[in-house]
Amino acid sequence: MNTQPHDQTRGDSTPFFQDNQAAPLSRNEVASLCMKAARGAGMSWGMAEEAGFAAAWLAMHGIDGPGYLCTHLKQAQGREWAELCPSVARGDWRAAGGRALCPIVLGATLCDYAALSDGPVADCSITLGKVDCPILMLPFLANIAQKNGVSITVSWAGGSVVVGQGSDWPETASGALAALPSEAELSLTAQQGVATDPPAGQSPKANTGADTISMLNTFAMRTTVPASEQSRAGAGSTLDDND
Amino acid sequence: MSLQDQNSSSETAAFRRPASEVMRLARMGSSHPTRLSFLRVLLRRLTDEDWVIDRPVWEVDAKGLGHAVYRVKGPERTYSLVAFSHDLPAEMRSDRVIATAWDATFTLFDGDPSPEDIARLGDNVPLQEAGRISPTELTLARANRSVRLFDHVVGALSQGQQPDPEEIAAVGYLMRTTAVYGSGKFGAADRDDIAARPELAAPFQVEMLTVWLIRAFTVDIAEHMAAVKGGDRTVGLSPEIRRMLGVGNSTGLGMAPFIVRHPVLLNNWIMAREEALARVRAQPGAADDAVAGMGKALDAAIRNADIWRSVHPVQVEKLHDLRRDLAMVSDKLSDWDTQQPRPWDALWTWGSETLSHEGQEALLALMLEPHGDLVDDLADHMGADEAATFRLNGSMPIKDLRAILESEYAWALSIDFTSPENIARFWYVSEEKLEPRLGERASEEGATLEQPLCIARLIAELYAALQGFDDATPVASLLLAHPEHRYTVRRAQIAQHHPFAEVHDNLIAADMLPIDLLRCKLAFFGANQFDPRSDRWVRINLFQGAPYPDDVQAEKST
């Protein structure tokens, strides 16, 4: 993908990875790139920040958050908000049109409702229906588990994962969710209990592929304005630097 | 921990300035460095903890090409600046972020680099944004020479002479940095991974350490080039002249969005400074040594204002105000009654009624200067755990959100956004090097890609959206119906508990001066000699007058 390794007209070095190389992005790079990509794919600024948060949280726990976000953005871009967001009613959060929910919107909204009776409080049982790339919900569920002192179970026909129990739950949960077919119907329950905040590794590799980074960059570049002589001239000094 | 949690601040509350006074652009654009500025925090620690600094590697050839390592050993850890020296043709010398080559490039390595580390860094650091560094690196930076002064100094030293002090004063540095990247940029260590180290807990400490070591390099490379040229005749810089040299920094709009994007951090910086001023004002008396200390600081400020040069019309006027105000402060000190109750508060009150913004903010710095024992601990509260304020409170009733907007953002709600001059500009990110820029809405393309830095207008839009909601409705419902306000609601909820989180001005107004944002941030770094080169581009000087690595040890042992 990289034909001009030293092209300095780009503002960060993430496009310079080679094809098969896993990219050791810092968490700040993950959060920043994913936030911009989510915005470029059509999320509001505040929701794009949530996408950056989720991807960085997963990367911090050794899971390829940027890869899952990229997969999700490719299928979600251009879809109407009403199709992506939950239609919140007690016990039933499925999307109005019955299509797969956006895991970022769902996760952020669950956090917003964390202390409200329609939300993921202790002893709740919520039908979520289909959720795209459900691994991306995990960072939000981890937040809620901590805040509400609950353990959260995400279930589907024939299986379930528990958020906030045991130190390796992110690995177990992400493995199980990654294997789910896209038509799986999910539901969520919460039980009172002390949640475990999983230990984050010191700068673990995000294991994000160069193709993913390239695609996220393509989304991110949609937030930028092509350079013009007027904009270039306006940005700098009006005096010479060679003094 | 933030300052709000402290009981001690209630005793000084009566002496604290309100955000409506402090957070105006005109005042922020008159900020002066203080003893709480980040480079001062670094220098205090280096001195107090007996850090040992050396230069284990100097492999630079007769053309000035090569590399060097500057090593700093603290109580627990070692940090090393790896410097790469290049031969830059004049036509490639640009301070803009769109430049592709520099006179020298640098990284701060976490520990003692091996030859393999240096080889790896040599393949990447000179490329700057187009290279990659790793979690063992903390910063990435580059610098260009001040051609005129560099050549003058090399020429003089090679002839066995000291450079002309007038020339030194006119420029103030041999090189200026054009970017110092930290916080995980280009693969570097994340801030979260190092923020728990006591020596790096205050903001921008790795960046300040990088720049301070670059300063030593700029002198070493000049002396090296002089020795190549002059051989045995060559002399080194005299300690007095060397001390007059800082490191320049050239910076543009890229820095402006930072303080808007980090409201909690901005709050904590300002809060620490304002609490420091309040503590000084609240003192019942004025100790003789503190009075003398302020007099000494005033002399230094007058000398600094004397050599401070700028041709930018806005700054020329401000410099005029500053010099006049400092003279007035000098007069005032001669009849200042230090025996009256709360003499510092009386002095401050006189200043706030008499001086321009420049003079008032300079007076603030002067008043803090002799009060290290009283205020230096505040530097421990200038960092921010931004993750802690990220999560929204969805349970908040609309009534409470509306109340926040009406109390914390009255300044924003009073702006008429139907008036063209109030929406004249838009902030955007250029495709070119992802540089933040400011466009004219009426004449430039790209306003549909506006960045959310127009806080006042976003607040006004949120306020309008709230009109359709019942008081008792939770914010969570609002956000479900209006995801476009999520960013603004997050800010408003932060502002509720962080009084200094927002700049109380319209950042897209026709008459907004981006350099005001830059000056505020740079003053917190500790920058002197603020010199705008346009309304959005400045040069400054860092570490001028400060000790060099060998001075720190020498001064400590005497």
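Report yes if some residue within the range B:92-111 is assigned to a helix (DSSP H, G or I) and open to solvent by 10 Å² or more (accessible area, probe 1.4 Å); otherwise report no. Yes, the range B:92-111 has at least one match. Of the residues B:N528, B:N506, the single one that is under 24 Å from B:L319 (Cα atoms) and open to solvent by 10 Å² or more (accessible area, probe 1.4 Å) is B:N528. If you go through the range B:548-558 and keep only what is surrounded by fewer than 18 Cβ atoms within 10 Å (Cβ to Cβ) and either charged (D, E, K, R) or at pLDDT 85 or above (or both), you end up with B:D550, B:D551, B:E555, B:K556.
Every condition in (1) crowded, with 24+ Cβ neighbours inside 10 Å; (2) over 30 Å from A:L25 (Cβ atoms); (3) more than 18 Å from the chain's Cα centre (by Cα) holds for B:M271 except the one numbered (3). A:G107 fulfils the conditions (1) within 13 Å of chain B (Cβ to nearest Cβ); (2) in a loop (DSSP other than H, G, I, E, B) except for a single criterion, (2).
This table checks each residue for (1) in contact with a Leu (Cβ under 6 Å, 6 or more places away or on another chain); (2) open to solvent by 10 Å² or more (accessible area, probe 1.4 Å); (3) more than 11 Å from chain A (Cβ to nearest Cβ); (4) at pLDDT 95 or above.
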| position | (1), (2), (3), (4) |
| --- | --- |
| B:V154 | no, yes, yes, yes |
| B:L157 | no, no, yes, yes |
| B:T177 | no, no, yes, no |
| B:V180 | no, yes, yes, no |
| B:L213 | yes, no, yes, yes |
| B:G231 | no, yes, yes, yes |
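Scanning the range B:324-355 for residues that are open to solvent by less than 10 Å² (accessible area, probe 1.4 Å) and among the β-branched types (V, I, T) yields a single hit, B:V329. In the range A:141-154, the residues that are within 14 Å of another protein chain (Cβ to nearest Cβ) form Cβ pairs under 8 Å with partners that are among the acidic types (D, E) and open to solvent by 10 Å² or more (accessible area, probe 1.4 Å), at six or more places apart or across chains, as follows: A:A142/A:D197; A:Q146/A:D197. Inspect all residues belonging to the range A:121-132 and state whether any of them is more than 11 Å from every other protein chain (Cβ to nearest Cβ), open to solvent by 40 Å² or more (accessible area, probe 1.4 Å), in contact with a strand residue (DSSP E or B) (Cβ under 6 Å, 6 or more places away or on another chain) and in contact (Cβ under 8 Å) with a residue 12 or more places away in the chain. Within the range A:121-132, one or more residues are more than 11 Å from every other protein chain (Cβ to nearest Cβ), open to solvent by 40 Å² or more (accessible area, probe 1.4 Å), in contact with a strand residue (DSSP E or B) (Cβ under 6 Å, 6 or more places away or on another chain) and in contact (Cβ under 8 Å) with a residue 12 or more places away in the chain.
This table checks each residue for (1) buried (at least 20 other Cβ atoms within 10 Å of the Cβ); (2) at pLDDT 95 or above.
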{"residue": "B:H357", "(1), (2)": "no, yes"}
{"residue": "B:E369", "(1), (2)": "yes, yes"}
{"residue": "B:L378", "(1), (2)": "yes, yes"}
{"residue": "B:A384", "(1), (2)": "yes, no"}
{"residue": "B:L392", "(1), (2)": "yes, yes"}
{"residue": "B:E406", "(1), (2)": "no, yes"}
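Counting only helices (runs of 4 or more DSSP H) that sit wholly inside the range B:228-296, those with at least 3 residues that are among the hydrophobic types (A, V, I, L, M, F, W, C) are B:256-261, B:263-282. The residue that is surrounded by the most Cβ atoms within 10 Å (Cβ to Cβ), counting only those in the range A:83-100 that are farther than 14 Å from A:L188 by Cα and more than 10 Å from chain B (Cβ to nearest Cβ), is A:A100. Filtering the range B:138-152 to residues that are in contact with a Leu (Cβ under 8 Å, 6 or more places away or on another chain), of a type outside the set (S, T, N, Q) and over 30 Å from B:R77 (Cα atoms) leaves B:R145, B:L149, B:F150.
Run B:V219 past the list (1) within 14 Å of chain A (Cβ to nearest Cβ); (2) open to solvent by less than 10 Å² (accessible area, probe 1.4 Å); (3) among the β-branched types (V, I, T) and report the number of the one that doesn't hold. Only one criterion is unmet by B:V219, namely (1).
Selection of first residues in the range A:162-175 that are hydroxyl-bearing (S, T, Y) and of second residues that are open to solvent by less than 90 Å² (accessible area, probe 1.4 Å) and outside any helix (DSSP H, G or I), restricted to Cβ pairs under 8 Å at least 6 apart or on distinct chains, gives the following pairs, ordered by first then second residue: A:S167/A:T196; A:S167/A:P198; A:T172/A:V161; A:T172/A:G166; A:S174/A:I63.
Considering each residue of the range A:2-16 in turn, none proves to be at the interface with another protein chain (Cβ under 9 Å from one of its Cβ atoms) and modelled with pLDDT of 55 or more. For the range B:445-464, filtered to residues that are among the acidic types (D, E) and open to solvent by 30 Å² or more (accessible area, probe 1.4 Å), the residue that is farthest from the other protein chains (Cβ to nearest Cβ) is B:E461. When the test is whether a residue is more than 14 Å from chain A (Cβ to nearest Cβ), assigned to a loop (DSSP other than H, G, I, E, B), farther than 27 Å from B:R437 by Cα and not polar (S, T, N, Q), B:E76 passes it.
The values are calculated or read from the model by the stated rules, or taken from the named source; none is laboratory data. If you're wondering where the values come from, they're calculated on a predicted model, not measured in any experiment. We place every Cβ from the backbone using ideal geometry, glycine too, and count neighbours over all the protein chains shown. Areas reflect the complete protein model, heavy atoms only, side chains present, ligands, DNA and RNA absent. Shrake-Rupley method; radii C 1.70, N 1.55, O 1.52, S 1.80 Å.
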